[in-house]
Amino acid sequence: MDAVCAARTIWACVRSSSPARGSSRFARRRQFLSGSLDGIFEVTCLEIGLSEMNSFDKDARDGRRMLSIAHTWGSTPAERALSLPCDRHLRSFDAALFRAVDVDAPPSIVFRWLCQLRTAPYSYDWIDNWGHESPRTLTPGLEQLALGQRVMNIFELVDFKLDRHLTLVLRRGRRLFGDIAGTYLVAARAPTGSRIVVKLLVRYPDRVVLGWLTRVGLPWGDLVMMRKQLLTLKVLAETDYAASSAATGGTTPSEPTASLSSRGTKQ
């Protein structure tokens, strides 16, 4: 629990460093948003601290272990050693962030749900989707991938392989977040499951103050948002698979996949 307290301290420093505005109306909105984000951050840290600490190496202790979570949540050393397509799109970077989760559904279904990121972020919708709920059913046509498409509104699809990966580069928000390239990898897991492994490469802004704030805040902010995203996609893919299995009498369904209008570089 000491590690969770340390994380709260870091969050408080990042939050208090944002400048105040003159409008009392803006101040009330900022106070409400800040309080809500505090709740999300603390609950996420508490859940991680209580239920997921044991998944990390035994030689990582206390604060060092907690700090590693922001960079390695859910991933294994072998996964962090993988060479992924995003490596080709940002060769010089300051940080590598990893996130991973098991999904009890085959890669074809999991990948199809990853294609939904073209239309919505599937995280905390009231924060990053203007309050609109990310679709809970598959949107026809989103599996028709092509290089250059927008993903989550701020990323561009620069590489992909059917049922294997989506690789994205940040196009909007670079002045705030810096340069970011990431790969969503879908790996098969016996007997019929999958595993989503995400790798993000980040080159922080050059400006001194903003660069420092981003270095401190981005790994934790991304952990909170992407953890929610991956767990949401996990539930939706598993629900979809369970319904498909029930409809086919308990056998593994063969999901037809629409043809792609463009193919990315193979991994």
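The values are calculated or read from the model by the stated rules, or taken from the named source; none is laboratory data. If you're wondering where the values come from, they're calculated on a predicted model, not measured in any experiment. Note that each Cβ is placed from the backbone with ideal geometry, even for glycine, and that neighbours are counted across all protein chains shown.
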- Task: Filter the stretch 125-153 for residues that are buried (at least 17 other Cβ atoms within 10 Å of the Cβ), in contact with a Leu (Cβ under 7 Å, 6 or more places away or on another chain) and within 19 Å of residue 225 (Cα to Cα) and give the result.
- Result: 151, 152
- Note on the structure: Of the residues in the stretch 75-126, those that are part of a helix (DSSP H, G or I) and touching a strand residue (DSSP E or B) at 6+ places or on another chain (Cβ under 6 Å) number 10
- Can you run down the residue pairs with Cβ atoms below 7 Å, 6 or more apart or on separate chains, where the first is in the stretch 146-160 and aromatic (Phe, Trp, Tyr) and the partner is modelled with pLDDT of 95 or more and in a strand (DSSP E or B)? 155/168; 155/169; 155/170; 160/166; 160/167
